[in-house]
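Q: Okay, handing you the structure first.
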Amino acid sequence: MVSDEAAGSSDEDGSGGEADVQDCSRINEDRELKDKLLRKYSGYISTLKHAFSKQKKKGKLPKEARQILLNWWNIHNKWPYPTEADKVALAESTGLDQKQINNWFINQRKRHWKPSENMQFSVVDSLYGPFFMND
């Protein structure tokens, strides 16, 4: 035989049932709200999805602009850090924003420029002084 305590009381079953009913009610309300919003704004959502799918990546800079930047790069390949005046002039001649000019030079230096060893030592010496001192 099983006692009433081992089987559980009827009070415990009732409290769990109320919570389940509230959860179901909340889920149904959420679903109704979602359906209502989708009906009302589905046209806008599909338009936004279409617009975002077109805007993935703008792509490369115009060929003429890249050529102007590369010409500057080739002339100044030992120290490819344009001054602010250079950046303004390059922006005017290429039709690009200064931010685009800056980014192009940052990427170009990372990908294609390695300072010579002499230059690295001279930069370090100018920052910290000569490594070896004469006695």
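Q: Restricting attention to segment 17-48, which residues are surrounded by fewer than 10 Cβ atoms within 10 Å (Cβ to Cβ) and modelled with pLDDT under 80?
A: Glu18, Ala19
Q: Considering every residue within segment 49-61, establish whether at least one is modelled with pLDDT of 85 or more, under 26 Å from Asn102 (Cα atoms), surrounded by 10 or more Cβ atoms within 10 Å (Cβ to Cβ) and touching a Leu at 6+ places or on another chain (Cβ under 6 Å).
A: No, segment 49-61 contains no residue that is modelled with pLDDT of 85 or more, under 26 Å from Asn102 (Cα atoms), surrounded by 10 or more Cβ atoms within 10 Å (Cβ to Cβ) and touching a Leu at 6+ places or on another chain (Cβ under 6 Å).
Q: Additional query: Quick check: is even one residue across segment 86-96 in a loop (DSSP other than H, G, I, E, B), at pLDDT 95 or above and on the phi > 0 side of the Ramachandran plot?
A: Looking for residues that are in a loop (DSSP other than H, G, I, E, B), at pLDDT 95 or above and on the phi > 0 side of the Ramachandran plot, one finds at least one in segment 86-96, hence yes.
Q: If you check Leu70 against the conditions, is it modelled with pLDDT of 80 or more and under 27 Å from the mean Cα position of the chain (by Cα)?
A: When the stated conditions are applied, Leu70 passes them.
Q: Kindly establish whether Lys114 is loosely packed, with under 12 Cβ neighbours inside 10 Å, of a type in the set (D, E, K, R), in a helix (DSSP H, G or I) and at pLDDT 85 or above.
A: Here the answer is no, as Lys114 does not meet what is asked.
Q: Looking at segment 67-101 only, could you name the residues that are under 27 Å from Asn118 (Cα atoms) and in contact with a Pro (Cβ under 9 Å, 6 or more places away or on another chain)?
A: Within segment 67-101, Trp72, Trp73, His76, Lys78, Trp79 qualify.
The values are calculated or read from the model by the stated rules, or taken from the named source; none is laboratory data. The structure presented is a predicted model; accordingly, all values stated were derived computationally and were not measured. Every residue, glycine among them, receives a Cβ derived from its backbone with ideal geometry; neighbour counts consider all protein chains shown.
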